[in-house]
Amino acid sequence: MADAEAWKRVLDIVKASGPGTITIVSATSGTTNSLILAAETARSGSLEEAKQISDEIKKRHIGLINDFFDLEGVSSGASTDLCVNHINKLAALLDNYLLGIQTLGELSAKSLDAISSIGERYSSFLLAECAAAIGIPAVWIDAADIMKTTSEHGKAAPLTDEIRERGKRIVHHSENGRFPIMGGFYGSEEHGVITTLGRGGSDFSASLIGLATEAEAIEIWTDVSGMYTSDPRFVQRAFSIKELSFNEAAELAYFGAKVLHPATIQPAVERDIPVYVKNTFAPEHPGTRIFSDADSDSPVRAIAFKKDITVITVISSRMLLAWGFLAKVFAIFEKHRVSVDLVSTSEVSISMTVDKKARLEAVCEELEHVASVNVYHNQALISLVGKNLMKSKGVAAKAFDALADFPIRMISQGSSDINLSVVVENDHAVKAVQSLHDTFFPNQQTPESP
């Protein structure tokens with residue numbers, strides 16, 4: 001969604017998918033980050049600078065629309081005026097939000113949701129108008145009317161029953177041969193106030209709409225050809241995986257694979273809807289198919305990693321085995337709304353990983369009332385994922401042999417039996433993953449282009 005040529009490419013894919021195709025779109029490249037920057041700039045008191053960012057976003061979208069309608073084979077009609085009016089309306093709304101934030105000197109989660117949703121409110125309406133201009137009978141759907149959520153701003157939970165009921169409006173258009181186009185990432189709570197599903201939520205929106213409309217398949221179109229054996233930006237000879245099970249894909253997304261939002265798979269699982277991850281720039285590539293019965297001859301399907309996590313170790317020789325001690329520890333994390341990724345225990349200590357530094361100071365302060373606490377920042381979590389991981393002999397031995405040159409802070413076997421994870425220093429992460437990839441995928445001789 002970066003420029004006019006990319007929009008035309010997207011619409012060609014939509015058109016080729018046939019009448020009734022439902023399209024969920026994200027914001028244009030970089031827009032959400034710019035919106036958040038504008039909000040934070042206004043909070044700091046620099047209203048004029050914040051409005052400059054807003055004006056840049058506005059000009060970028062007007063330029064994109066003008067470029068699109070200048071493309072060969074595009075009919076403008078009244079569409080250009082409609083698009084510019086929509087852009088001006090949202091730009092004025094954004095400026096009003098920024099004024100309020102600067103006046104109060106406060107940026108609430110509610111305000112940030114309203115502002116960060118503007119990217120998808122731009123792109124979805126404009127894409128529908130662009131579709132009409134090349135002969136696609138598209139209809140714009142405002143996600144706030146369909147994607148009903150809880151009122152937890154910043155990471156609202158979808159209300160699937162209500163989404164399913166409201167999704168009948170989309171089905172109506174689809175069954176009549178039109179192409180519904182809706183923005184992802186945002187929705188609204190019961191009173192109509194804008195909410196968001198969290199960063200990367202457009203994939204999640206697509207999966208929820210797929211569930212609500214009983215879709216035959218869910219396709220995630222991105223800039224890489226499916227899910228890879230590891231991140232091809234950092235790992236040599238990483239290659240696209242033809243098939244994955246739902247559990248494997250969910251595990252990879254949660255533990256660092258950037259292609260999918262971690263929550264995307266759950267709605268698809270509910271109705272056993274296959275998910276395809278494909279490349280907008282190479283639509284002929286089959287990408288990755290994710291479904292319930294995917295099988296593999298290899299015990300390790302992929303290696304995910306994420307950097308900048310924190311390990312917290314709680315040490316208490318007196319209390320660890322005492323009744324209720326673990327409950328006390330995790331109640332503190334729950335109180336401060338800090339989620340734990342991995343847990344490993346020994347006779348006198350508990351080690352946990354968290355991926356955000358926010359609120360950790362308060363968590364550690366309370367933990368110190370019940371035990372000694374050590375905190376290790378700048379760590380990296382590496383996860384080997386595979387459906388047959390724990391059923392195959394020698395996997396752990398091969399993994400730790402590959403990691404022999406790297407100090408390991410923590411080891412954990414996932415409770416799902418498809419995950420073996422270790423924690424190393426940030427600086428060692430890429431080399432450690434490369435060593436693991438060379439060990440478990442030795443026959444891939446040439447890197448596949450991402």
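The values are calculated or read from the model by the stated rules, or taken from the named source; none is laboratory data. The structure presented is a predicted model; accordingly, all values stated were derived computationally and were not measured. Quick reminder, even Gly has a Cβ in these numbers, built from the backbone with ideal geometry, and neighbours come from all protein chains shown.
Checking the condition over 16 Å from residue 333 (Cα atoms) and of a type in the set (Ser, Thr, Tyr), which residue from 351, 383 passes?
Answer to the selection: 383.
Going through segment 361-393 one residue at a time, which ones are in contact (Cβ under 8 Å) with a residue 40 or more places away in the chain and part of a helix (DSSP H, G or I)?
363, 364, 367, 389, 391
Select the helices (runs of 4 or more DSSP H) contained entirely in segment 1-94, then report the ones holding at least 3 residues which are in contact (Cβ under 8 Å) with a residue 40 or more places away in the chain and touching a strand residue (DSSP E or B) at 6+ places or on another chain (Cβ under 6 Å).
Counting at least 3 such residues, we get no helices (runs of 4 or more DSSP H) at all.
Six or more apart or on different chains, Cβ atoms under 9 Å: show the pairs whose first residue is in segment 232-253 and at positive phi and whose second is outside any helix (DSSP H, G or I) and at pLDDT below 90.
237/444; 237/445; 237/446; 237/447; 237/448
Only one residue in 79, 108, 75 is farther than 24 Å from residue 5 by Cβ and polar (S, T, N, Q). Which one?
108
Of the residues 268, 302, 249, 238, only one is in contact with a His (Cβ under 7 Å, 6 or more places away or on another chain) and buried (at least 21 other Cβ atoms within 10 Å of the Cβ); which?
238
So if I check each of 302, 294, which one is modelled with pLDDT under 85, touching a Ser or Thr at 6+ places or on another chain (Cβ under 6 Å) and not hydroxyl-bearing (Ser, Thr, Tyr)?
Working: 302 fails: modelled with pLDDT under 85.
Answer to the selection: 294.
Determine which member of the set 385, 373 is surrounded by fewer than 19 Cβ atoms within 10 Å (Cβ to Cβ), among the β-branched types (Val, Ile, Thr) and in contact with a helix residue (DSSP H, G or I) (Cβ under 9 Å, 6 or more places away or on another chain).
The match here is 373.
Whether any residue in segment 426-439 is farther than 23 Å from residue 294 by Cβ, within 29 Å of the chain's Cα centre (by Cα), outside the structural domain of residue 152 (by TED's automatic domain parsing) and not in a helix (DSSP H, G or I) is what I want to check.
No, that holds for no residue.
Take segment 324-352 and flag every residue that is more than 25 Å from residue 419 (Cα to Cα) and surrounded by fewer than 13 Cβ atoms within 10 Å (Cβ to Cβ). Give the steps one after another, and end with the answer.
Here is the first cut: in segment 324-352, the ones more than 25 Å from residue 419 (Cα to Cα) are 324-325, 328, 331-332, 335-336.
Within segment 324-352, 324, 331, 335 meet the criteria.
Out of contact with any Gly (no Cβ under 8 Å at 6 or more places or on another chain) and at pLDDT 85 or above: does that describe residue 372?
Answer is yes for this residue.
For residue 298, indicate whether it is closer than 20 Å to residue 237 by Cβ and among the hydroxyl-bearing types (Ser, Thr, Tyr). Steps first, please.
Details: closer than 20 Å to residue 237 by Cβ: yes; among the hydroxyl-bearing types (Ser, Thr, Tyr): yes.
Criteria met by residue 298.
The rows are residues; the columns are (1) of a type in the set (Gly, Ala, Ser); (2) surrounded by fewer than 21 Cβ atoms within 10 Å (Cβ to Cβ); (3) more than 25 Å from residue 175 (Cα to Cα).
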{"residue": "7", "(1), (2), (3)": "no, no, no"}
{"residue": "17", "(1), (2), (3)": "yes, yes, no"}
{"residue": "41", "(1), (2), (3)": "no, no, yes"}
{"residue": "49", "(1), (2), (3)": "no, yes, yes"}
{"residue": "56", "(1), (2), (3)": "no, yes, yes"}
{"residue": "60", "(1), (2), (3)": "no, yes, yes"}
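Say whether the condition of being in contact (Cβ under 8 Å) with a residue 60 or more places away in the chain, under 28 Å from residue 435 (Cα atoms) and touching a Ser or Thr at 6+ places or on another chain (Cβ under 8 Å) is met by at least one residue in segment 263-277.
no
Taking the criterion of being assigned to a loop (DSSP other than H, G, I, E, B) and among the acidic types (Asp, Glu), would at least one residue in segment 395-415 satisfy it?
Checked against the condition, which is being assigned to a loop (DSSP other than H, G, I, E, B) and among the acidic types (Asp, Glu), segment 395-415 yields at least one hit.
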